[in-house]
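The structure under discussion appears below in the form of structure tokens.
The values are calculated or read from the model by the stated rules, or taken from the named source; none is laboratory data. Just so we're clear, the structure is a prediction, and the values are computed from it rather than from any experiment. Virtual Cβ from ideal backbone geometry, glycine too; neighbours counted across all protein chains shown.
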Amino acid sequence: MRALRQQELIFCSTTTNGIQPRSNLQVVLRVIDLPGATMKLPRMSDQFQNVTAVAKANVYFDGKVVSHSILFADGSKKTLGLIYPGKFHFGTDKAERMEIIAGNCTVKLDGQATTTDYATGTSFGVPAKSGFDIEVTTGICEYICSFIG
């Protein structure tokens, strides 16, 4: 049986006009991270502050998958990438979370018989020392890959 990891995301009410709200509304969203599970996420970040961007691109499959790495002060790393139409297999060293920020794709995790469709605003997890097939049939799929652990 796999262990589940639970995280809490806290959303607080804010104002932009400088007036303090009468009450501070706070919502706690519990997210359970299970590799292979689909999650509908709150609006994903479209900017990352205080990072180092690596100019050299990671180019795979004759340029049909391209990403750039961003490095955070805490030592963590993400890649921001594009997947053009085609079917590709990736292996993983560390566990990964793939967030789809634009477009669509179909994914089959190693060891699973079925595929799952992912659209903008969803994500999937991939266990360490594993892999996945990803297929884009139309358009471009944009993603953020977070390396876990």
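Odds and ends about this structure:
- Of all residues in the stretch 73-107 being in contact (Cβ under 8 Å) with a residue 40 or more places away in the chain and aliphatic (A, V, I, L, M), the one that is surrounded by the fewest Cβ atoms within 10 Å (Cβ to Cβ): Ala102
- Flag if Lys56 is at pLDDT 90 or above and part of a loop (DSSP other than H, G, I, E, B): yes
- Single residue of the stretch 68-121 satisfying the filter (among the polar types (S, T, N, Q) and over 23 Å from Thr138 (Cα atoms)) that is farthest from the chain's Cα centre (by Cα): Gln112
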